[in-house]
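FYI, it's all coordinate maths here, none of it is from the lab. These numbers were taken from a predicted model, which means no experiment stands behind them. With ideal geometry, Cβ positions are generated from the backbone for all residues, glycine too; neighbour counts draw on all protein chains shown.
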Amino acid sequence: MISTRGRYALRVIIDLAEHRNGSYIPMKDVAARQEISLKYLERILPDLTKGNIIEGIHGKGGGYKLIGNPDEITVLEILRLTEGDMSPVACLSEGAPPCPKKAECRTLSMWQKYYDLINDYFGGITIADLMKKETGNDYVI
């Protein structure tokens with residue numbers, strides 16, 4: 001399950017991408033547009049900064065801006081930074097010790113396929129994709 005932290009991080013990145021103009025965007029502006037507490041955002045921003053998704057400066061004229069191009073940043077990158085390992089079971093986590101039951105585990109292949117689906121799906125969606133407004137079924141029958 002994706003937490004509020006991951007969902008809000010995606011909203012922040014989309015907002016920064018949509019409002020980029022080469023200068024730093026005050027986080028209070030993003031918080032207001034996204035209706036997210038500034039204090040909560042301040043807990044998410046360090047992860048995104050450490051992950052080289054955004055950069056920020058303090059003081060007058062400060063704020064944050066996207067480092068890369070929206071078409072090169074994937075949802076998977078953002079979720080890994082904010083949610084941590086996306087593996088559904090501990091034995092598939094990065095750096096996990098080998099499971100002693102691996103040889104006879106009847107569910108491992110199922111979990112592996114699920115993990116692959118998560119990575120493939122979220123790894124195939126970019127911030128640019130999310131910036132596109134979907135059109136609904138606006139025709140009349």
Where labels lie 7 Å past Cα in the beta-carbon direction, separation of Ala32 and Ala128 in nm: 3.1
Residue-count net charge about Thr107 - beta-carbon cut-off 12 Å; Lys, Arg +1, Asp, Glu -1: +3
Relative packing of peptides 25-33, 5-13 - highest average C-beta neighbours within 10 Å first: 5-13, 25-33
Percent RCO, i.e. relative contact order, over the chain, from Cα pairs under 8 Å lying at least 6 residues apart: 27
Among Leu48, Ser37, Ser93 the positive-end extreme of the charge dipole of the chain (Cβ point charges): Ser37
GluC sites (Glu not before Pro) lying in DSSP loop within the range 47-141, provided at most 12 other Cβ fall within 10 Å: Glu72, Glu94, Glu134
Entries in Lys28/Lys50; Lys39/Lys132; Lys50/Lys101; Lys39/Lys113; Lys39/Lys133 that, when Cα-Cα distance is taken, lie over 30 Å: Lys50/Lys101; Lys39/Lys113
Where labels lie 7 Å past Cα in the beta-carbon direction, separation of Arg43 and Thr107 in nm: 3.0
Span from the the range 20-35 Cα centroid across to the the range 99-136 one, whole angstrom: 31
Label-point separation, Tyr121 to Ile57 (7 Å along Cα→Cβ), nm: 4.1
